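Everything below concerns the one structure shown next.
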Amino acid sequence: MTEAKGQAIAGQPEAVDVKPPPERLYGRQRGHPLRPRQERLLDETLPRLRFPLDKAADPASVFGHAPQQIWFEVGFGGGEHVLAQTKAHPEVGYIASEVFHNGLCSLLNKLVPVEQEATAPLPDMLRLWDDDARLVLRALPDASLDRLFLMFPDPWPKARHAKRRFVHPQNVELCARVLKPGAVWRVASDDPTYQAWVQEVMSAQPYFEAPPPATIRPDGWFPTRYEAKAIAAGRQPLYWTFTRR
């Protein structure tokens, strides 16, 4: 990659030299104007599901009952993957992060009926975070997560924007701190620039086993709208499974 330069150290993976990530990885939070229903979802439903950052030191306590594991999804887009995972694994405490209001509304719209935004029962094992995912990850205790997901993230394809990519040497270290030994980090991308970037960054870090990616979605991985769009457009998604050493 043109924006990264390796500096080899004897006995260690080659380092990736990239600017530190900015305080905020994302750009705008809203696309087209929101409809009244969407505004109610953000104003009335989201606060009832929002992850309480002041309780991050004991993340298991934020769920309706004690979770067997705690999983975290970075940038859930339209929420299809969140819904599928929480349905398949009701014993898991799931923290799902997304900053874009349209994506948040897409998920919330599936959770509560119209006119019941403030009153409808909500999933007791799901918590949402509507700001930079790193704020929660930094606040979590060491080795507190059992699984991490990064599904089709914004590739930030221009070289000068490499520092905004979530797969970044500093973020890899952050993820390694909060994941238990043996925990899995799943990453999927259809963008060739991001795919090459993931390979470069993950081959230069000591925290995760980083085998080659799969080219067919593995069992237990659920589809997303971004994957469907990529395949329809003729792009080849790659699916990585990184295991915490």
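Numbers below:
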{"quantity": "Residue-normalised accessible area of the chain, expressed per residue, 1.4 Å probe, Å²", "calculated": "47 Å²"}
{"quantity": "Close Lys-Lys pairs in the chain, where close means Cα under 30 Å and separation is 8 or more or interchain", "calculated": "18"}
{"quantity": "GNM top mover of 168, 101, 32 - the chain, alpha-carbon springs below 10 Å", "calculated": "32"}
{"quantity": "Residue 54 versus residue 122: modelled label distance in nm, points set 7 Å from Cα along the beta carbon direction", "calculated": "1.6 nm"}
{"quantity": "FRET efficiency for residue 209 and residue 32, using Cβ-Cβ distance with R0 set to 35 Å, rounded to 0.05", "calculated": "0.25"}
{"quantity": "Rh by Kirkwood over Cα pairs, then Stokes-Einstein D for region 173-221 at 1.306 mPa s and 10 °C, µm²/s", "calculated": "130 µm²/s"}
{"quantity": "The chain, relative contact order in percent, only Cα pairs under 8 angstrom and at least six apart counted", "calculated": "22 percent"}
{"quantity": "Cα shape, region 120-232, gyration tensor, a/c 1.5 rule", "calculated": "rounded"}
{"quantity": "Convex hull volume per residue in cubic angstrom - Cα atoms of the chain", "calculated": "131 Å³"}
{"quantity": "About the Cα centre, charge dipole magnitude for region 27-144 (Lys/Arg +1, Asp/Glu -1 at Cβ), debye", "calculated": "240 debye"}
{"quantity": "Portion, in percent, of the accessible area of region 162-230 that falls on carbon or sulfur, probe 1.4 Å", "calculated": "54 percent"}
{"quantity": "Gaussian network model of the chain, Cα within-10 Å springs - most flexible of 143, 232, 204", "calculated": "232"}
{"quantity": "Gyration tensor (alpha-carbon) shape descriptor, region 145-189, a/c threshold 1.5", "calculated": "oblate"}
{"quantity": "Solvent exposure ordering (accessible area, 1.4 Å, most first) of 119, 243", "calculated": "119, 243"}
{"quantity": "Helix-derived mean residue ellipticity, 222 nm - over the chain, DSSP H n ≥ 4, -39500 (n - 2.57), to 500", "calculated": "-7000 deg cm²/dmol"}
{"quantity": "Restricting region 81-174 to GluC sites (Glu not before Pro) in coil, as DSSP defines it, with at most 10 other Cβ within 10 Å", "calculated": "91, 115"}
{"quantity": "Of the trypsin sites (Lys or Arg not before Pro) in region 63-127, those whose Cβ has at most 16 other Cβ within 10 Å and which sit in DSSP loop", "calculated": "none"}
{"quantity": "For residue 107, net neighbour charge (Lys/Arg +1, Asp/Glu -1) across residues whose Cβ lies under 10 Å away", "calculated": "-1"}
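The values are calculated or read from the model by the stated rules, or taken from the named source; none is laboratory data. These numbers were taken from a predicted model, which means no experiment stands behind them. Cβ sites come from the backbone with ideal geometry, for glycine too, and all protein chains shown count toward neighbours. Surface areas here come from the heavy atoms of the whole protein model, side chains and all, with no ligands, DNA or RNA. Shrake-Rupley method; radii C 1.70, N 1.55, O 1.52, S 1.80 Å.
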